[in-house]
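Reading through the structure tokens given below for one structure.
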Amino acid sequence: MNKAAIVGAGIGGIAAAIRLAVKGYEVTVFEANESFGGKMHEFWLGKYRFDAGPSLFTLPHLVDELFELAGREPSAYFTYTRLDPITHYFWPDGSHLKAYAAPEEFAAEAERQLGVPKQDVLRALSSSARLYQGTAGTFLQKSLHKAGTYFSPDVLKTLTCLPDLGLTTTMHKVNARRFKDSRMVQLLDRFATYNGSDPYQAPGTLNIIPHLEHNIGAFYPDGGMYAIANSLVKLAEELGVMFRYREPVEQIITKGGKVTGVQTGKANYSAEVVVSNMDVVPTYRRLLPHHPAPEQTLKQPRSSSALIYYWGIKQQFPELHLHNIFFSGNYQEEFEHIFRHKTISPDPTIYVNITSKMEPQDAPPGCENWFVMVNVPHDQGQDWEKLIAVTRETVLKKLSRMLGTDIAPLIEQEQVLNPLLIESRTSSFAGALYGGSSNSRMAAFLRHPNFSSAIKGLYFCGGSVHPGGGIPLCLLSARITGDLVPDVTRQEEV
């Protein structure tokens, strides 16, 4: 039987393992940590449960299709709930808005709370849908590095959208032209952070992102975000995939221009196919030290990172929901701090995720589990100890002021995640959450492809390669990679 080795048990690696197992490979996944999930894992602080990493779930059909591919009923393994409202937004001037799931209701709320004409909101969401439907088949679902992609019917759809893609302007400028209200502009600009980018630099193309949340919907996996990885690992194991934890790959073995396996500290393992779910920078620097690296690709500007405070809060806040955003007073200045000054704004936008709103057992009675995140630069040698302490005080003062309650005395459990820990735990180079940023119109084409043109049998998936970071794009990267790997079952039939 043909063998495949997967480097890393992040969500992309797990999905790739399932796809290759279905294609007839004997698959082994090698993971440096003691368990699966990568950034998507869970932990407990006393009686408080936390999802450590990704907190927003969109495009659930990308998970469902993995079960369907294996001939399983998805709901037997994994279920989820459509959110309504999706997010509760708060601004420094005291205004707030609930982002309801139905576009009509969301638009009506924007008109009611912000004075933004309802039809303007619906027009923006319609544009986002049209651009997504016209470009996803080309830019997100196929390799941009294979000639066949450009002869697909999907390219014709993309060409018809080109005048409206906003390639020659920025995401912010598109939104500022559409809306006079700075709060609505800020709400839509925020979607650039979904792949670690700056709306004042990133192309207008990123305005396809709101479609995922406001037209298709946002969801909550029953049991928390970790349930996604947990259910997929269960499926993978049923398909015969072997997971080897606490056994990091030390080198990808090659001979005669093709992969022959992987080397760990315990043994050498043969494989005709190797898929790296590790960030491409350490993949080349550490696992392929004797092969020329694609330097231009590896030196592309990195995405932002995150500073997360996990707080066990001994009080409940009925005005908060699962997803909550407390905006900064000057959004452009906030992004200048992150991408130009390489530091944290003195007035950062704060995201508070509270899964106990959906799963009461995630916190003790009368309490809540707060995942409190601010966007920060990736690691470039900053004094993180100082930044963590200063930002903590800033966040506490801001939340206390905007919620009318002193938060600090309510914290009875605490843990912190920063870019240095993100890099050490997940091999994300410099702690960048999404690999390269999308702060240029050519960024999509400069991401590393899902295959190696120099080493036969070597493939890539995950957030640092095409099409990008975040759960949906990591799952799409695994699909693209899976489509590129030869199907052993068909070879055997022939």
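Key figures for this structure:
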item: Two-site label geometry, S75 and A267: point separation in nm, points 7 Å out along Cα→Cβ; result: 4.2 nm
item: Residues of type aspartates and glutamates that K397 reaches as a straight line, Cα spacing below 15 Å, ignoring anything fewer than 8 places off in the same chain; result: D347, D406
item: Radius of gyration and Dmax over the Cα atoms of segment 361-486, both given in Å; result: 19.5, 60
item: Greater than 27 Å apart at Cα, pairs in K39/K266; K98/K180; K23/K255; K39/K456; K3/K255; K39/K357; result: K39/K456
item: Distance from segment 173-195 to segment 370-416 (C-alpha centre basis), Å; result: 25 Å
item: Pairwise FRET efficiency - E104 versus R246, Cβ, R0 = 60 Å, nearest 0.05; result: 0.70
item: Partner aspartates and glutamates for K258 [C-alpha distance under 12 Å; skip if fewer than 8 residues away on the same chain]; result: E272
item: FRET efficiency, H341 to L45 (Cβ-Cβ, R0 30 Å, nearest 0.05); result: 0.40
item: Charge-dipole axis of segment 3-76 as Lys and Arg at +1 and Asp and Glu at -1 on Cβ define it, positive-most pick from G38, F57, A16; result: G38
item: Listed residue (T283, A107, F219) projecting farthest to the positive dipole end of the chain, Cβ model; result: T283
item: Share of alpha-carbon pairs per 20 Å distance bin for the chain, given as whole %; result: 23, 58, 18, 0
item: Part-to-part distance (alpha-carbon centres) for segment 245-276 and segment 208-239, which is given in Å; result: 30 Å
item: Inter-probe distance in nm under a simple model that places probes 7 Å from Cα toward Cβ, at R285 and A454; result: 1.6 nm
item: Once the Cα gyration tensor of segment 304-426 is diagonalised, semi-axes √(5λ) in Å; result: 25, 16, 12
item: Additional length obtainable on full extension of the chain from Q119 to T260, 0.36 nm per residue less Cα span; result: 44.9 nm
item: Karplus-derived HN-Hα couplings along segment 393-402 (A = 6.51, B = -1.76, C = 1.60, θ = phi - 60°), whole Hz, x at Gly and Pro; result: 5, 4, 5, 5, 5, 5, 5, 4, 5, 6
item: Label point distance in nm, M358-I411, each placed 7 Å from Cα along Cα→Cβ; result: 2.5 nm
item: Neighbour-count order for I14, I407, I252, I422, fewest beta carbons within 10 angstrom listed first; result: I407, I422, I252, I14
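Read-outs throughout are calculated quantities, based only on the coordinates presented, and are distinct from any laboratory measurement. Fair warning: this is a prediction, and the values are worked out from it, not measured in the lab. Please note: Cβ atoms are built from the backbone with ideal geometry, for glycine as well, and neighbour counts cover all protein chains shown.
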